[in-house]
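Participant: I have a structure I would like to understand better, so I am pasting it below and will then ask my questions one at a time.
Read the figures in this text as sums done on the coordinates, not as results from a lab. Since this is a predicted model, take the numbers as computed values, not measurements. With ideal geometry, Cβ positions are generated from the backbone for all residues, glycine too; neighbour counts draw on all protein chains shown.
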Amino acid sequence: MLVNWTHTGPTVVAAFLASLVEFVEALTVVLAVGVVRGWRGALMGSGAATLVLLAIIAILGPALMRIPLGMVQLVVGTLLLLFGLRWLRKAILRAAGVIALHDEAAIYNKQAQALRREGASAGWDKIAFATAFKITMLEGIEVVFIVIALGAGGIGLLLPASFGALAALAVVVALGLIVHRPLSRIPENTLKFVVGVLLSAFGTFWVGEGLGLTWPGQDWSILGLIAGYLLVATIVVPTCRGRAITAPSAP
């Protein structure tokens, strides 16, 4: 039971946090669409994209279960590792001040101005629908990948991963209905830092499983990998910050 928890628990947490980041980014644009163009097109566009994404999960999830587990773990683990390292790299650079932090308020204002320039739409607002649909699909595709990747790593993990993503969706929708503005106070870079660590750890674990590696402590090794990635990333941040400070300015 403990081993099962160490496998299922981090899966739910990883899916929840990763999905939370993506849904917050989607909410920012959908709010801008709703405020500027009207809520009918915004909600219908987001709803249509959500239905498409759920259909993708329903089709691809069970299909992956028919492929030998070792092959799935190796392929999906590699993709998950690369995906996690990409998130972790950006989070480290943002924490070190090398690149700017993600600003949801600025993104909201920029999107709102762009929508206002489009002018009013008579009748059915195709611009509102298309904008909301596109951002929900773009951010949702990453959620679908994460859910399927986490769910494909072991028998019975697709449901916990889906639960984590749906819980994140419920939280973001509820906050959006309550505050009616971008969720700029959510520490998005910190979340991406943590998610990058979690996805990198899961990816490493499943690549090893796919290659036939026997991890010490079996599922407990996931926690060790998480701690290892977190330690390395924490050490790298001040190193990058120091290099950014001492780097010569461009002429």
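Participant: Excluding E25 itself, what net charge comes from residues whose Cβ is under 11 Å from its Cβ, given Lys and Arg +1 and Asp and Glu -1?
Facilitator: The answer is -4.
Participant: Also, I was wondering about something else. By how many nm would the segment from A174 to T214 lengthen if fully extended, with 0.36 nm per residue of separation less the alpha-carbon distance?
Facilitator: Working: separation 40, 0.36 × 40 = 14.40 nm, distance 4.28 nm.
Gain in length upon complete extension: 10.1 nm.
Participant: Then there is this: Net charge around L53, counting only other residues with Cβ within less than 13 Å of its Cβ (Lys, Arg = +1; Asp, Glu = -1)?
Facilitator: In short, -2.
Participant: Taking R0 as 30 Å, what's the FRET efficiency between K126 and A106 from their Cβ-Cβ distance, rounded to 0.05?
Facilitator: Working from the Cβ atoms, E equals 0.70.
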